[in-house]
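Have a look at the structure below, then the notes.
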Amino acid sequence: MAQLFTRDTQAIFWNNNKTAIQRMLDYDYTIKRDKPSVAAIVAPTSGNKFDKFFYGPDEIMIPLFKNTADAKAAQPQADVLLNFASFRTAYDVTMEALEIGGFSSIMITAEGIPERLARKMNATAREKNVTVIGPATVGGIAPGAFKIANVGGTIENIVNSKLHRAGSCGLVTRSGGLFNELSNIISINADGIAEGVAIGGDRFVGSVFIDNLLRMEENPEVKYMLLLGEVGGTEEYKVIEAVKSGKIKKPIIAWCIGTIAKYYDSGVQFGHAGASANAERETAEAKNKAMAEAGIFVPSSFNDLPNKIAEVYNDLKAKGVIGEIEEPEMNVCPKVRKSKEFICTISDDRGDEATYAGFPISSVATPDTGKGIGDVISLLWFKKQYPKWATEFIETVLKTVADHGPAVSGAHNAKVTARAGKSVVESLVTGLLTIGPRFGGAIDGAAEYFKYADDHKLTPAEFLNHMKKEGVPIPGIGHRIKSLKNPDLRVEGLKKFAAENFPATPLLDYALTVEQLTTSKKENLILNVDGTIGILMVDMWRALGYTEEEINEFISSGTLNAFFIVGRSIGFIGHVLDEKRLAMPMYRHPMDDILYDVQVAEKI
Ligand code: ACO
Ligand code: LMR
């Protein structure tokens, strides 16, 4: 792989480090990337499903996941892991990601991962051909394509340091702070960088200087390289070997910092864990000397480095190796941005015509469109255009539950309310509020429990026992007036529709075996209309390809009862209008229909 990152590279960001993620997105917007560079965030302790971030003046939602496996499964194209876990967790997060697979590079920011673990982690990554950047790093950048987290600092700084578009230098440093400094120096003395990596300050880092320089040797955008090493370790000697053996042919400018160490009597430990010389050849002086002898461009001091850069760059330009760079147009992130309070993912009224899940209303509203209310529901509730058999099933359900006469509890309440002089909406709401676990609102419960029983392969007898222990009547079983002798023809109708139109009905098949057992105990313990709807909706969603997780979420959010709510609203409104039409007076329940059992109070 000649290039570490491209304009299509997307990352999974481990830890919801909002500032760093926002900086990446500001960068993306500035350089006009097509897709945001962060595809998913792993936030193990968050209960949220997404977080909002600015993308230029607008906001976008980035999905949150509890673990890397789920994030990777949802965003398989994201092949960079930005591991922002603490030093206590970073090892486990990296090892898990290596196990999951599909990552081409992993950047680890934590400093101070135990060295034994760091070595194991780096060795495992190397075996799997995964480039590890860090630990203890700010990361890296492919200017104009992809930027890791905080590299380059603020967007103003990035543009000033020409990190918004590719230049021609390949930059490798240990230090993150000096990475930014050098980017700036290179932008002043040359044309910026084509790719840059701060390999990290810990003693044992994943990719070392030579790994990065060999890759840059292959990267046609990189015309020369700049290596900023430091006192400690012997990695620079591998670079010297590669230059001597001709593996690296592009010019390298290099400097090892820490030459001041010689002025101290004893060994000096600089800021980085790896920055301490354990032998003469690990000193900055020795390494600078050896590099110069190998033909690497080594300045006389750090202060002389800018001149060296200018010299090498101008020479390559004169030779025609480096051409002129056309400055790209950039977006400018607004200074002041306001976060939106509400989010809507189902409809949009901003254009000439409002849309349902992207479909203009006129494309579903009139008969000539061939669309019905089932299509409108599939768009507005599920943000998908369901196939005909599914939208027809939805419509069959709505029509089936629209009314069941004036005596049922909800209709009765709506009628009483209308007769108290209340409006259509007030009377309707009274009826709707009656829908619950016993009346019309057992659909979600039926789906949940029957699905549970089927998922756990419970026999009907085991299921009944399970429900007994739970202490709840089985939702979807039983009816006040319907029974084996007086079957509910609505249920028969729904079952017939499913048999003729559904690809398969495994959950219904299971529920019917449960019904056999319950009706053998008591003949009104039939699979009722609520139960049939809930169970068939699960069969429908399974046939439509939803995951079990998605179906469970539909159930727990009350989606199934919503079908009864919509359907029965039609009937309730009918009853309310009926009351108004008949101008019925206030209702008072006949006292002889009430058993009064109130004790006579003793005299005070
Ligand atoms: N699961 C297990 N046992 C049940 C169930 C059930 N779903 N329903 C009733 N029973 C048993 C009761 O435990 C009781 O047993 P017992 O005689 O040994 O004490 C017996 O059957 C009668 O119980 P009731 O509550 O008097 O039954 P009733 O016929 O009056 O109630 C009702 C009907 C309320 C629908 C009831 O069956 C029930 O709660 N079912 C579950 C909820 C449900 O599905 N509601 C939707 C109905 S359809 C609709 O509203 C559109
Ligand atoms: C209904 O649809 O309202 C019923 O099944 C309930 C009932 O009591 O008939």
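Computed values, structure above
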item: Fewest-first ranking of Tyr452, Tyr313, using other Cβ atoms within 10 Å as the exposure measure; result: Tyr452, Tyr313
item: Whole-Å distance, taken between Cα centres, linking region 285-349 and region 533-585; result: 59
item: Gly229 long-range amide H proximity, modeled H, under 5 Å; result: Trp255, Cys256, Ile257
item: Order by protection proxy (mean Cβ within 10 Å, highest first), peptides 207-213, 52-58; result: 207-213, 52-58
item: Listed residue pairs exceeding 29 Å between alpha carbons, taken from Lys147/Lys223; Lys399/Lys468; Lys120/Lys249; Lys383/Lys495; Lys18/Lys287; result: Lys399/Lys468; Lys120/Lys249; Lys18/Lys287
item: Proximal charge balance of Gly102 [Cβ under 11 Å; K/R count +1, D/E count -1]; result: 0
item: Centre separation in Å (Cα based) which lies between region 368-383 and region 167-216; result: 55
item: Least to most buried among Met586, Met95, Met216 (fewest other Cβ within 10 Å first); result: Met586, Met95, Met216
item: Protection proxy ranking of 380-387, 118-125 - average other beta-carbon atoms within 10 Å, highest first; result: 118-125, 380-387
item: Charge dipole of the chain about the Cα centre (unit charges at C-beta), most positive-ward option of Ile253, Phe497, Leu316; result: Phe497
item: Cβ-based exposure ranking for Cys169, Cys256, Cys344, Cys333, in which fewest neighbours within 10 Å come first; result: Cys344, Cys333, Cys256, Cys169
item: Net charge of Cβ neighbours under 13 Å - reference Arg116; Lys, Arg +1; Asp, Glu -1; result: +1
item: Net +/- balance of residues flanking Ile373 in space, Cβ distance below 10 Å, scoring K and R +1, D and E -1; result: 0
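FYI, it's all coordinate maths here, none of it is from the lab. The structure displayed is predicted, hence computed values, not measured ones. Note that each Cβ is placed from the backbone with ideal geometry, even for glycine, and that neighbours are counted across all protein chains shown.
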